[in-house]
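Please read the structure below before turning to the comments.
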Amino acid sequence: MRGDNTVAERAQGALYRRWRPQRFSEVIGQEYTVKTLQNAVAQGRLHHAYLFAGPRGTGKTTVARILAKAVNCESPQEGEPCNECPACRRISRGISLDVIEIDGASNRGIDQIRQLREEVNFVPAETKYKVYIIDEVHMLTNEAFNALLKTLEEPPRRVIFIFATTEPHKLPPTVSSRCQAFEFKNISPELIAGKLREIAKAEGIAISPQAIRAISRRARGSFRDAEVLLEQLSSYKGKAEIEEEDLLQVMGLPSEEALSGYLRAVLSGDIAGALEVIARLSEGGKDPELFLESAVEFCRDLLISRLTGEPGLEQGQGQELLGQVLSDGELISLSERLLELKREMRFLLDKRIMLEVGTLKIIADLKGLRSGREESEGLKTEIKAKAKTKAKVKAQAGSKLKPKPKSSLVPEEMEERWQRMLEEIKKERVAVYAFLAEGHPR
């Protein structure tokens, strides 16, 4: 199944070690990195130093070992190691003299790096390249980095360094700039679920689709964490089928029913209902901080489902709660308050009291938000009604105004009458006549 391990060795090893990829094609979720490295090996365009950065459990050390096999393989196949030649077999078993794995956390001093600088000058003992894999390289001291820098500037022939780290920003720029960097990304839940189904089938593990989906999401992009969870649940259930409730039980996670019941009570202002859910969680030994984390994730799925129309939640309690949420703003506000409560809870001993008090505050805040929105809507309605009434009154008043009758006189007759009137005025008031003489009738 994997390399040249015997059946007994596979049966005794941990699940994630038994299913560790041995070829580039077996690595999931890192297509760009794998393709680039495979082409580099096939074309003979190797770099003297590589930097693998990314979250834990995404395949950094695994890809480093595969690369070590590929560059030393006696009969590579388009950049892939054959896993059959003596070099591949020794590297797979971890007994090759030319592939040295160093833990940067426990070998972080300058003395260890000085020893490494002396060793790199020796030619490979049994393979083409001597490969140094330094895990958690960001843990090295500044003095150790300075000692390593000289070797990176003038690397010996037939030596390849592979640095793996979860915190690449801690590396000095003088070191990282001399490496070919590859960013390992979190693996999607869909890819993890597909691989878990394959493993469960091959290992004879009975597991429901809901449990696989829950493990994939709980792994948070780390395939190794997903494999460890699957093995832990398999040991817990034995021959019986693994259900989603088993994962909740083993990890101390709240059920969807508890989450939806709590959120429904908060959104509806049901203080007694929310406190009852918290009491049941406490009696069941659930961690309030973990409960809040799950509640935030539940709100996030709920919000995505509302905004995108994609089914972020299974049919059931989640969809029922979805219909009761009044607005996206309310849901976002709830998520922010839950996150704030989780941050405050981290430093307290009695987390249950903090959860209860924080829940009461959230309910009060949401009530204020809702009443403010209702007042705003009422004010808008009132303004619209007043504007409509004013327009109606104006229209009615306009309809009552009688238009001025138009004169039936022709311009010549009007001019003649105007002149006669001026003559009469001239006889009585000369000053008024002078004022009106320049005018014309209209």
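Take the Cβ atoms of Asn121 and Glu241, set R0 to 45 Å, and the FRET efficiency comes out at 0.20. Taking every lysine pair in segment 1-155 that is 8 or more places apart or spans two chains, those with Cα atoms closer than 15 Å amount to 4.
Annotation: amide H of Lys130 within the under-5 Å range of Val159, Ile160, sequence separation 5 or more or interchain, hydrogens built in the peptide plane. For segment 7-183, the extents of the C-alpha atoms along the principal axes are 44, 32, 31 Å, listed from largest to smallest. Under 5 Å from the amide H of Leu51 lie the amide H atoms of Phe163, Gln180, Ala181, Phe182, each residue being 5 or more positions distant or on a separate chain, with H modelled from the backbone and absent for Pro and chain starts. For an R0 of 25 angstrom, estimate the FRET efficiency from the Cβ-Cβ distance between His47 and Ala14 and round to the nearest 0.05. Efficiency, rounded to the nearest 0.05: 0.20. Taking the three principal axes of the alpha carbon atoms in segment 189-251, the coordinate ranges are 27, 25, 18 Å, sorted in descending order. Length gained on full extension, Ile95 to Glu283: 62.6 nm, using 0.36 nm per residue less the C-alpha separation.
Every read-out reported here was derived from the displayed coordinates using simple, explicitly stated rules and does not represent laboratory data. These figures come from a predicted structure and were not determined experimentally. Cβ: placed from backbone, ideal geometry, glycine included. Neighbour counts: every protein chain shown.
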